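Below you'll find the structure, written out as structure tokens, and then a few comments.
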Amino acid sequence: MSILVRNVSKRFGDFTALENVSLEVEGGSLTALLGPSGSGKSTLLRIIAGLEWPDAGEIVISGEDATALRPQRRNVGFVFQHYAAFKHMTVRENIAFGLKVRKRPKAEIRRRVDELLALVQLEAFGHRYPAQLSGGQRQRMALARALAPEPKVLLLDEPFGALDARVRAELREWLRRLHDEVHVTTIFVTHDQAEAMDVANQIAVMNHARIEQVGTPTELYDEPATEFVMSFVGEANLLGGKWVRPHELDLGHAPAEASVEALVERITLYGFDARVELTTSGGEPLTVQLTRERLRELELEQGQIVWVRAESDRVFVA
Amino acid sequence: MSRLLARIGLRSIMLFYLAAILVGPLAIVFWRTFEDGLGPAWAALTTPETINALKLTLIITVIAVPVNTVFGIVCALAIVRRRFPGKGLLNAFIDLPLALSPVVVGLSLFLLYGQAGWFGWLSDYGVQVLFALPSMVIATIFVSLPFVAREVVPTLREIGDEQEQAARTLGAGGWQTFWRITLPSIRWAVTYGVILTTARCLGEYGAVAVVSGRLQGQTETATLRVQERYEAFDLAGAYAISIMLALFAILVLVAMTVLRPREEAA
């Protein structure tokens, strides 16, 4: 159930959506396509689903060349940002759709729909219409509908983008658990790096129609390959032309080797961690992450002048 | 208080307008028809010429409405969902029947199918188009062409194509997607389009008047018959046929309302 994207390019008029993109997704993995809007991530997902045609390149789904296959022959499940619920059908009919068009026996359809309603916790809502559901429920219904025909791969296009923060966090957690249960190869598109880090076990970071880096969340955070990945995945500071993560900075009351003078602008506490926002004497904004203990040791206060020192930093060669 | 007055005032104006323009004339027609009881009205309706005229109008409507419904849906799908050269032209041409006077439509058909016209040779093979059912059907189709497409286009735009894409990824082919997803989503637009088309077909006068030749008992539709009776000073006959036309129209409206299933909260 692996997915292979090989040298795919796609243009819309003058706009290059994808430029020679290659990506390998292992069977059973949960992969995020992460990037700002216009980076080409949705286009890539839609090309894998067969909803767009690449100008060049190949799509291979579990060893089979799918480039010329129509979407209905690819056996993929697709979940849209705005649910794409069939408004004139009940929840049950929505979920049964993929099975009905495959002419499965009625009893089998009923059993499978019951199973999926339980899986997405919508047992009590089978006879409602989509308009009578909340956004989160609609998206769970859309997921059940996509899973019903037992697709080889599950593709989700900004699946939580239209939901409010609390529901989004809930569904995120739920998608991860679902993936542990169902084990279908899953790719989801997001522009939210926290969401990608939280849910995926592999992330492909996209920017300007290209893939910048593919790796686990830890790899991307600890060993970013490019300046873009450094700045887009996790927080990053630019200090004297070098990139450094907030937790890699330390503060002191006296100048030390290679330290920079800065003014404490704001101190915020987050659970065990503290974030200190500063402005260097050169006018650069900085964010430093400290433990509470360290904060207490330093007896830091707003308006103080301190010395910032990087414990490690990176330089990217363009 | 002033808002209440404004509302009452607005309502009165609206009701008065409707009464003066719509209900009044209709009521007079009804009253005149049954002025002398049911007998004369019934007698006027059951002459062979009138029965033939009503039958002809129904036949033309029954052919023209399905043809224009299919054409309208296909056109709307092409305009909203496809990209092709000449799309703007198609979009503009669909409205042509609304802009053209029906008499002009009739005349152009006359020129096209007449002895010297492009399709004049058809009569050499025994296909009688002018002064017969074919030209009347063509004229009616022409004048009632835009309604279904014009109703369906905005609805198709509004629903977008995500549901159709979802159906595709779930394994549905083109036909299945159309029957199970697209058509149910646009059914109300199609319904209203069909009502308007039917009304237009029943009421068509100008184009049919030109191409039919108005042969009594043969190519005379109900509206032509009304005019004929009126000119023959048979007002009771004219009124009776008018009532029948109005009843057909009301019947269509009622049928659509009854057929309309309980609308799910959308």
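All of the numbers you see were taken from the coordinates with simple rules; none came from a lab. Small disclaimer: the values here were computed from a predicted structure and weren't measured. Neighbour counts run over all protein chains shown; Cβ positions are idealised from the backbone, glycine included.
Listed by first and then second residue, the pairs linking a residue in region B:92-104 that is over 11 Å from B:F147 (Cβ atoms) to a residue that is hydroxyl-bearing (S, T, Y), with Cβ atoms under 9 Å apart and 6 or more places separating them unless they lie on different chains, are B:L100/B:S108; B:P102/B:Y205.
If only residues of region B:180-213 that are charged (D, E, K, R) and crowded, with 18+ Cβ neighbours inside 10 Å are counted, the one that is farthest from B:L259 (Cα to Cα) is B:E204. For region A:5-38, a residue qualifies if it is under 20 Å from A:D65 (Cβ atoms), under 19 Å from the mean Cα position of the chain (by Cα) and in a strand (DSSP E or B), and the qualifying residues are A:V5, A:L18, A:V21, A:S22, A:L23, A:E24, A:V25.
Selection of first residues in region B:161-177 that are without any contact (Cβ under 8 Å) to a residue 12 or more places away in the chain and of second residues that are surrounded by fewer than 24 Cβ atoms within 10 Å (Cβ to Cβ) and β-branched (V, I, T), restricted to Cβ pairs under 7 Å at least 6 apart or on distinct chains, gives the following pairs, ordered by first then second residue: B:R168/B:T177; B:L170/A:V101; B:G171/A:V101; B:A172/A:V101; B:Q176/A:V101. Here is the figure for region A:121-167: residues that are crowded, with 22+ Cβ neighbours inside 10 Å and more than 14 Å from chain B (Cβ to nearest Cβ) total 2. Here A:P54 does not qualify as part of a loop (DSSP other than H, G, I, E, B), surrounded by fewer than 21 Cβ atoms within 10 Å (Cβ to Cβ) and more than 14 Å from chain B (Cβ to nearest Cβ).
For region A:279-308, which residues satisfy the criterion of being of a type in the set (A, V, I, L, M, F, W, C) and not in a loop (DSSP other than H, G, I, E, B)? Walk me through it before giving the result.
Of region A:279-308, the ones of a type in the set (A, V, I, L, M, F, W, C) are A:286, A:288, A:290, A:295, A:298, A:300, A:305-308.
Hits for region A:279-308 are A:L286, A:V288, A:L290, A:L295, A:L298, A:I305, A:V306, A:W307, A:V308.
Please tell me if A:L69 is under 20 Å from A:T185 (Cβ atoms), of a type outside the set (S, T, Y), surrounded by 22 or more Cβ atoms within 10 Å (Cβ to Cβ) and out of contact with any Leu (no Cβ under 6 Å at 6 or more places or on another chain). Against the criterion (under 20 Å from A:T185 (Cβ atoms), of a type outside the set (S, T, Y), surrounded by 22 or more Cβ atoms within 10 Å (Cβ to Cβ) and out of contact with any Leu (no Cβ under 6 Å at 6 or more places or on another chain)), A:L69 does not qualify. Looking across A:E93, A:E115, one residue alone is within 10 Å of another protein chain (Cβ to nearest Cβ), surrounded by fewer than 22 Cβ atoms within 10 Å (Cβ to Cβ) and part of a helix (DSSP H, G or I). It is A:E93.
The helices (runs of 4 or more DSSP H) found wholly in region B:105-206 and carrying at least 3 residues that are farther than 30 Å from A:A49 by Cα occupy B:133-143, B:146-159, B:187-203. Inspect all residues belonging to region A:29-39 and state whether any of them is touching a residue at least 12 places away in the same chain (Cβ under 8 Å) and within 14 Å of another protein chain (Cβ to nearest Cβ). No.
What residue, among those in region A:76-90 that are touching a strand residue (DSSP E or B) at 6+ places or on another chain (Cβ under 6 Å) and either part of a loop (DSSP other than H, G, I, E, B) or under 20 Å from B:I186 (Cβ atoms) (or both), is farthest from the other protein chains (Cβ to nearest Cβ)? Lay out the reasoning, then the answer.
At the first step, the residues of region A:76-90 found to be touching a strand residue (DSSP E or B) at 6+ places or on another chain (Cβ under 6 Å) are A:76-81.
Filter again for either part of a loop (DSSP other than H, G, I, E, B) or under 20 Å from B:I186 (Cβ atoms) (or both), leaving A:80-81.
On the way: A:F80: 5, A:Q81: 9 Å.
Checked region A:76-90; the qualifying residue farthest from the other protein chains (Cβ to nearest Cβ) is A:Q81.
Is at least one residue of region B:173-194 in contact with a Leu (Cβ under 7 Å, 6 or more places away or on another chain) and over 15 Å from B:T140 (Cα atoms)? Scanning region B:173-194, I find at least one residue that is in contact with a Leu (Cβ under 7 Å, 6 or more places away or on another chain) and over 15 Å from B:T140 (Cα atoms), so the answer is yes. Only one of (1) assigned to a loop (DSSP other than H, G, I, E, B); (2) free of Cβ contacts under 8 Å to residues at least 60 places away in the same chain fails for B:Y230. Which number is that? All conditions are met except number (1). Filtered by the rule that a residue be in contact (Cβ under 8 Å) with a residue 24 or more places away in the chain and within 14 Å of chain B (Cβ to nearest Cβ), region A:60-71 gives a lone residue, A:I61.
Could you tell me whether A:A107 is outside any strand (DSSP E or B), away from chain B (no Cβ under 13 Å), small (G, A, S) and closer than 26 Å to A:D180 by Cβ? Spell out the reasoning first.
On the way: outside any strand (DSSP E or B): yes; away from chain B (no Cβ under 13 Å): yes; small (G, A, S): yes; closer than 26 Å to A:D180 by Cβ: no.
Criteria not met by A:A107.
Scanning region B:38-67 for residues that are free of Cβ contacts under 8 Å to residues at least 12 places away in the same chain and not in a helix (DSSP H, G or I) yields a total of 1.
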